[in-house]
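Any read-out appearing in this document is the output of simple, stated calculations on the displayed coordinates, not a laboratory observation. In this text the structure is predicted, and so the values were computed from the model without any measurement. Here the Cβ positions follow ideal geometry from the backbone for every residue, glycine too, while neighbour counts run over all protein chains shown.
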Amino acid sequence: MELAELDYVLPPELIAQTPTPSRDASRLLVIDRERGVFEDRRFAELPDLLRAGDCLVVNNSRVIPARVMTHDAGGRSVELLFIESVGRSRWRALLRPGRRGRAGVELVVGDAPAARLRIVGVEADGSRVVERLDGTLESLMATHGRPPLPPYIGRFAAPTAEDHDRYQTVYARPPGSIAAPTAGLHFTPALLDTLRRRGVEVHELTLHVGPGTFRPIKTATVEEHVLPPERVVVPSSVADGVSRARAEGRRVVAVGTTTARALESAAERGRVQPLDSTARIYITPGYTFQVVDALLTNFHLPRSSLLVLVAALAGKELILKAYAHAVHAGYRFYSYGDATLIL
């Protein structure tokens, strides 16, 4: 598939800059794959759209305050986006501007007493290995880190107190993501309780969202793109619960593309196996889903690997038709935007 086939026109004013007043107040576009039709609903109505016995699987990864502003010996600003730990007091990080990130450069954070950092290596993908000279990088992020809002949100460099809360799911637990699994941002504890009371099983797995998920595709065809691995944990209890639902003919509903990637990475002959490793699968149109029957997800950027996955499930023509409807109907797009439910 040529990359240009997954393009669409989005007016800038439809890119959501703030979350809705309450999490479940967002809109929900229901996409029926079998009939090829759409229905405009509200996220709070989700319990009416699912049924008893459905197996809802969410990603409970917690977003870390990964963006840290530093300055070099000349007083020039250097932004770090920490990606993952690579040893004691060392993390891999993306750096802007890149010309200030040579190995051996020292950086400082905050006022006296300032935290001191050193760039100790440059990786093949352009990321840097950064070490802290006077403490841990985890404590540095806890003190000086900011939520890593995506750059299409105008205040991404200066998040508000609201962003610290709303750019995080209500069930977030193990820290490790540098971007929110945004489909889960719409859930409230009360909504989850309602789903459980109505007989919907809710399971949690962990996939730590890395930068590769949002890296733009630059190859001419979709299939040429390389999607980097992401850390994933699918517990035995979740693997057993999802496999049992499949065996009994009950629907498996993945909350977010990250959850879908985790489940399909753990799939083996239609069953989900426990997994504590990395998700390496890259789902493109033509892929046969082994586990996921339905997908709850936000609207995604054109020409992105996330839209590629959605097109693999719903079909390219149907998903682009649904996105055109959403644009015409004034839906809000991307991280703080509205959601879709592909059934």
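Taking the Cβ-Cβ separation of Ser236 and Val9 as r and a Förster radius of 30 Å, what is the calculated FRET efficiency to the nearest 0.05?
Plugging the Cβ-Cβ distance into 1/(1 + (r/R0)^6) gives 0.10.
Using unit Cβ charges (K, R positive; D, E negative) and no other charged atoms, how large, in debye to the nearest 20, is the dipole of the chain about its Cα centre?
540
For the stretch 9-82, what is the Kirkwood estimate of the hydrodynamic radius, computed as the reciprocal of the mean inverse distance between distinct Cα atoms, to one decimal in Å?
Computed over the stretch 9-82, the radius equals 17.3 Å.
Name the shape class, rounded, prolate or oblate, that the alpha-carbon gyration tensor gives for the stretch 67-144, where a ≥ b ≥ c are the square roots of its eigenvalues, rounded holds for a/c under 1.5, and otherwise prolate holds if a/b is larger than b/c and oblate otherwise.
It is oblate, given that a/c is not under 1.5 and a/b is not larger than b/c.
With a/c under 1.5 counting as rounded, go ahead and sort the stretch 252-325 into rounded, prolate or oblate using the C-alpha gyration tensor (a ≥ b ≥ c being the square roots of the eigenvalues; past the cut-off, prolate if a/b is larger than b/c, else oblate).
Taking the square roots of the gyration eigenvalues as a ≥ b ≥ c, the stretch 252-325 is prolate.
Within the chain, which is the longest segment containing none of the GluC sites (Glu not before Pro) that sit in a DSSP loop and have at most 14 other Cβ atoms within 10 Å?
Free of exposed loop sites, the longest segment is 124-222.
For the stretch 164-234 and the stretch 1-53, compute the distance between their C-alpha centroids and round to whole Å.
Centre-to-centre distance over Cα atoms comes out at 16 Å.
Longest segment of the chain with no trypsin sites (Lys or Arg not before Pro) in a DSSP loop having at most 16 other Cβ atoms within 10 Å?
Answer - 281-343.
Counting other C-beta atoms within 10 Å, which of Val252, Val109, Val291, Val122 has the fewest, and how do the rest follow?
In increasing order of surrounding Cβ atoms, one gets Val122, Val109, Val291, Val252.
Might you report the magnitude of the Cβ-based charge dipole of the stretch 67-144 about its Cα centre, with Lys and Arg at +1 and Asp and Glu at -1, to the nearest 20 debye?
Dipole size: approximately 200 debye.
Multiply the residue separation of Asp72 and Ala52 by 0.36 nm, subtract the distance between their alpha-carbon atoms, and state the gained length in nm to one decimal.
Extra length from Asp72 to Ala52 when fully extended: 1.5 nm.
First measure r as the distance between the Cβ atoms of Arg196 and Glu79, then evaluate 1/(1 + (r/R0)^6) with R0 = 56 Å and state the FRET efficiency to the nearest 0.05.
After rounding, the FRET efficiency stands at 0.85.
Sort the stretch 162-305 into rounded, prolate or oblate with this rule: let a ≥ b ≥ c be the square roots of the eigenvalues of the Cα gyration tensor; rounded if a/c is under 1.5, and if a/c is not under 1.5, prolate when a/b is larger than b/c, oblate otherwise.
Oblate.
For a quick size check, give me the Cα extents of the chain along its three principal axes, largest first, whole Å.
62, 44, 41
Could you calculate the contour length gain from Arg173 to Arg35, that is, 0.36 nm times the residue separation minus the distance between their Cα atoms, to one decimal place in nm?
Length gained, Arg173 through Arg35: 45.9 nm.
How much mean residue ellipticity at 222 nm does the chain get from its helices, if each DSSP H run of length 4 or more adds -39500 (n - 2.57) and you divide by all residues, to the nearest 500 deg cm²/dmol?
-6000 deg cm²/dmol
For the charge dipole of the chain, defined by +1 on Lys and Arg C-beta atoms and -1 on Asp and Glu C-beta atoms about the Cα centroid, which residue among Ala4, Gly104, Gly87 has the Cα displaced farthest towards the positive pole?
Selected residue: Gly104.
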